[in-house]
Each structure stands twice: as C-alpha cells, then as structure tokens.
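Below: one structure, written as structure tokens.
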Amino acid sequence: MVSQYFQKSMCFILVFILALCSIVYELVLGQMLAALNGNTISQYSIVIGLYIANLGLGALTVGLIDPRDSAKGLFKVEIALTVLGGFSPFILLFLKSLTIESSLLLYFMICVVGFLSGMEIPLVSSWFKESNQKKSHSFILGADYFGTVLGCVIFPFIFLPQIGLFLTALLMGGLNLVVAIFMLNNTSTFRKKNLFGLGFILVSFIIITIYLDDISGYFVERAFS
C-alpha cells in the first residue's frame, strides 16, 4: 500500500512539474517576443499557436520511440529543455542581435521548445507503463492540468513582477534538471557517463544566477544596440 501510494505520488509530482515548466516556458517566450517585436496580441497568438502545434508533433513523435527507451528518452528531453528552456531569454536576445533576419529563428526556437515539451507527458506515461507502474490516463491528465493552471496563475502575479523573465526561465530550467537527475537515478544503463554533463550544466546555472544582472544586461544591450 505504501509503495503504491509513493509511486502514485511520484507520478503526480513528476507530471505536475513538467506541466508547470511547459506553460511557464510558453509564457516567457510570449513575453519575450512581445518585448522584442512589439504588437503583444499578435506575438502571443503566434507563440501559443506554434507552441501548441509543436506540442502535438512532439507527442506524436513519442510513438516512434521504443517504450523500453522511454526513461532514456525522457532524460535526454529534460537535458535539452534545461538548456534551451532555462536559457531561452538569453538565446532569444542573441538571435535578435544577429544581423540576418532573426524572426524566423525566434519562431524556430519556440517550435523546438514546444516540440520537446510535447514529448514529456507521453514519455512519462510510457515509462510508468514499462515499469509496471500503471497509472490511469485521467490521473496523468489531471496532474498535467493542475500544473498548467498553477503556471498560468503564478507567472503574471509572482514570477514576472517579482523575479523577472530571466530568473523565471532559469528556475524552470532548474526544475527540468531535477527531473533529469531523477530519471538518471532510476536507470541503470547510462548513469555514470552523464554525470559530468549534469555537473557542467549545474555549475553554469549557478554562475549565471550569481552574475545574472551583468549577463542579462549584456544580452539586452547587444540585442538593442
């Protein structure tokens, strides 16, 4: 009974965190595009449309992955989202600073983050099934919806006014990194060789967080100079 309750709780927490990070990334990207290109309503509409479309594409792609590789696949997705999502404001500002037409690159960035986010929940579901930890589809969807709602509430009222876009993205990237570490701890075939990469990402997050004002100021000045 205790083991089943623990497994159920872990499944809920995992899906909840992934959903929270996903919607906050979407809101961060929308806010960034509105700030960079103006016309807030149009930019948010484009971001939401591209993001949702690529959520669907990412979910469909999971069907091509062997269920036995779902844990490994989720680990890789979380690492990618840790970097691309956590550093997304910096990446968008860098793309904006390029002398070539940057709009398509900005939208491509949104598509990539949306695609990776779309893979998460199906991979979690596949991993639990493969691990004989069967969870109902409604349970996973419920956790997904609750995480999404929380993200929609805390982003405009807490994250954006209190800590800003850069630190919000880093915080979500940190949560993705925690999930990646959790997945690494629950696999046995690729644990040691990924520790160096995780350590490098963690140190990068710490350094950027410490010098956040200077680094973000540099990217903002570069983008609008």
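Working from label points 7 Å from Cα in the Cα-to-Cβ sense, the N39 to L105 distance is 2.1 nm. In loop segments of the range 134-178 as defined by DSSP, there are no chymotrypsin sites (Phe, Trp or Tyr not before Pro) with at most 13 further C-beta atoms inside 10 Å of their C-beta. Mark the label point 7 Å from the Cα of L160 along Cα→Cβ and return the residues of the range 14-29 whose backbone N is within less than 15 Å of it. Residues passing the 15 Å test: 23-29. Taken one residue at a time, the phi angles of the range 54-71 give Karplus couplings (6.51, -1.76, 1.60, θ = phi - 60°) of 7, 4, x, 5, x, 5, 5, 5, 4, x, 8, 9, 4, x, 5, 9, 5, 5 Hz. Gly and Pro are set to x.
Applying the Karplus relation 6.51 cos²θ - 1.76 cosθ + 1.60 with θ = phi - 60° to the range 105-113 yields 3J(HN,Hα) values of 5, 5, 5, 5, 4, 4, 4, 5, 5 Hz, where x marks Gly and Pro. Shown for the range 2-224: lysine pairs separated by 8 or more places, or found on different chains, whose C-alpha atoms are under 17 Å apart, numbering 8. Sorted largest first, the principal axis extents computed over the alpha-carbon atoms of the range 2-224 equal 53, 36, 33 Å.
Mind checking the full-extension length gain between S204 and F224? Use 0.36 nm per residue of separation minus the Cα-Cα distance, one decimal, nm.
The S204-F224 span can extend by a further 4.7 nm.
The phi-based Karplus calculation (6.51 cos²θ - 1.76 cosθ + 1.60; θ = phi - 60°) puts the 3J(HN,Hα) values of the range 195-202 at 5, 4, x, 5, x, 5, 5, 4 Hz, whole numbers, x for Gly and Pro.
Across the range 24-44, the residues whose backbone nitrogen lies under 13 Å from the label position 7 Å along the beta-carbon direction of L171 are 24-25, 28.
Values quoted throughout were computed directly from the atomic coordinates according to the rules given, and no laboratory measurement underlies them. Worth saying up front: this structure is predicted, and the values here are computed from it rather than measured. Cβ sites come from the backbone with ideal geometry, for glycine too, and all protein chains shown count toward neighbours.
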